[in-house]
1. Can you give me the long-range amide H partners of B:F140? Hydrogens built in the peptide plane at 1.01 Å from N, cutoff under 5 Å, separation of 5 or more residues or another chain.
2. Take the cross-link list B:K80/C:K39; C:K43/C:K83; A:K113/C:K145; A:K80/B:K35; A:K80/C:K164 and give me the ones stretching past 28 Å between alpha-carbons.
3. What is the set of long-range amide H partners of A:W59 at a cut-off below 5 Å, with H atoms built 1.01 Å from backbone N?
4. Dipole of the range A:1-136, Cα-centred, from +1 at each Lys and Arg C-beta and -1 at each Asp and Glu C-beta, to the nearest 20 debye?
5. What residues have an amide H closer than 5 Å to that of A:A64, excluding those fewer than 5 places away on the same chain, when H is modeled at 1.01 Å from N in the peptide plane?
6. Show me, for the range C:234-247, the HN-Hα J-couplings you get by feeding each phi into the Karplus relation (A = 6.51, B = -1.76, C = 1.60, θ = phi - 60°), rounded to Hz, glycine and proline as x.
7. Can you give the angle from 0 to 90° between the axis of helix C:27-37 and the longest principal axis of chain C, with both taken from C-alpha atoms, to the nearest 10?
8. Kindly give the distances from A:D3 to its copy-mates, label point to label point, with each label point 7 Å from Cα along Cα→Cβ, as nm values to one decimal ordered shortest first.
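A short reminder: the numbers here are calculations on the coordinates, not readings from a lab. Note that the structure is a prediction, hence the values are computed from the model and not measured. Virtual Cβ from ideal backbone geometry, glycine too; neighbours counted across all protein chains shown.
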Amino acid sequence: MIDIEVRALEATLFAAEEPMTPHGLAAATGIENVKPALARLAALYEGHGIELVERGGRWRLQTAPDLAHILRREKSEPRKLSRAGIETLAIIAYHEPVSRAEIEAIRGVQISKGTLDALMEAGWIRPAGRREVPGRPLTFATTPAFLDHFGLASRRDLPGIEDLRAAGLLDPIDLVLEQQLEVANPDEGD
Amino acid sequence: MIDIEVRALEATLFAAEEPMTPHGLAAATGIENVKPALARLAALYEGHGIELVERGGRWRLQTAPDLAHILRREKSEPRKLSRAGIETLAIIAYHEPVSRAEIEAIRGVQISKGTLDALMEAGWIRPAGRREVPGRPLTFATTPAFLDHFGLASRRDLPGIEDLRAAGLLDPIDLVLEQQLEVANPDEGD
Amino acid sequence: MTDQFDLTLKRDEDETLTLDLDGWEGPLDLLLTLARNQKVDLKQISILALVEQYLAFIAEARALKLELAADYLVMAAWLAYLKSALLLPRDPEVEPSPEELALRLQLRLQRLDAMREAGARLMARDRLGRDVFARGDPEGLRVVKKPAWEASLFDLIAAYGALKARSVPAMHIVSRRPVMTLEAALELVARMIGQKLDWADLASFLPPAEDEAYRRSAVASSFVAALELAKQGRLALRQEAAFAPLMVRRA
């Protein structure tokens, strides 16, 4: 059996809602000389998945730093960017820096806050200062992570309008719309 | 250094907000066979001020019961149950699933609405489906939180439940009555 | 007798006595209290003695003119019936038998007693938050879902192309065909007749053209121009026959 002082400190620190001072520990456990008992507790936890640490004169038990990956695991969740998202990103990439109102003018529809948030979360766009016009609208620009993700050395590598035309990407709207409708309702064909 | 599986379980259970199933522990730590590692962790904490316990198939770390006098604080007094509440909880725990009418038959009085509500609010009982008899009465059963709160690994650990069952005190009264009358009057059968 | 049963009497302000039944939850509870006072195992209890005690208790309460809840009186009536049935010679016609009724009551008392004791034992366990404690400030385990946004460069430029295509205003442009305008033909014919004095084929005025469409346009325009100049009296027209060359001369 571990000595009663160490056990008392261990249980007290475990149940504590915040780090405790030696004074507080002494009051809680009735131990007169807390420091040596704390040293024994620290030694007891040597090599454990939990450790005793002192931070600014307060003591706490905490998980060992090398096990942090167990406690907070990141799980990446592949998600497809919405059409609004990809269009907004394209406008920012071709016109940066560009304000929200300008993006909306080009798209012809309003963009939801979520759209810019998703692009920001993806790390592809960043706020790029305010435009010195009435209302001082915030502008957006792409990030190095954007270039990285899309395999571009620089924004100049983005195909120009003429390239797009040559690639058939500026086809009349009816055709594009038709294609999109087909994509949207793949089962409706008969 | 303690083996990595034990350390991982220790840190996970230390950080967890709720008791964890072996399945949940396996998912968190990546350990394939959790049970033996849990046994090693339990052994490691033998004699400590903290212990590893199983509650309704879930595992948790908690302070050792003999240190209650150090840790008990005024504010930590758990909700005070009325006598009706305590009896009702015991009846549900020992008879579950059990309907309100069955509880009332045992207690000899009606239960006030507040009694079941209070137990439900404490998170100790839950509705457990309807009995397929006329009137389709709702039945009640205990929750994992009940086992957790009262320090029970499972309902088999309910104090004296085996003795009560052996004495027929958990069976329907008519069944016991029949058996006892037969024993009392063995010649009357035909 | 009242003392023996922990019967609490309260003297209200208006001097009437009330029986404090708060301590008991109904007649079964009162019966169990009385039964426990026999200080024997509930299985060995004398139901007859218990009935006597209950009836005596109720009689005393009524003698003191205490208000009793109806269910206590119902139980008293039932127990009085049970008592007489147990004491009188048994009538085999009566079902259930008084012994069975007595046994049933005994079983009910045992059950209630068992649950009461179980409840007490539950409450006395090492309870979480009272005797044993969970982690005071658990960090919690977190699985942080990090969305990995997917989009390819093609998606991007195709989207921009579609956007551009969508945003260009719809404009219908008739393609420009090579024509000789009437003005040009007028000038040409006027100039040519100024250079020649004799009759000349109108067709000979036309510039050589490889483009058939332009040639046709030039023929039509110069013909109209010749007619216009003739109308103005600046030019004379002559044609030998249908489809013969159209001859022009300054008027």
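1. Under 5 Å from the amide H of B:F140 lie the amide H atoms of B:V98, B:S99, B:A128, each far enough along the sequence or on another chain.
2. Working: B:K80/C:K39 30 Å; C:K43/C:K83 18 Å; A:K113/C:K145 20 Å; A:K80/B:K35 40 Å; A:K80/C:K164 22 Å.
Over 28 Å Cα-Cα: B:K80/C:K39; A:K80/B:K35.
3. Hits under the 5 Å cutoff: A:M20, A:T21.
4. Details: 19 positive and 19 negative charges, 146 e Å.
Result for the range A:1-136 is approximately 700 debye, rounded to the nearest 20.
5. The answer is A:I50, A:E51.
6. Running phi through 6.51 cos²θ - 1.76 cosθ + 1.60 with θ = phi - 60° gives 9, 8, 10, 10, 8, 9, 5, 7, 4, 6, 6, x, 8, 9 Hz.
7. 50
8. Ordered by increasing distance: 3.1 nm.
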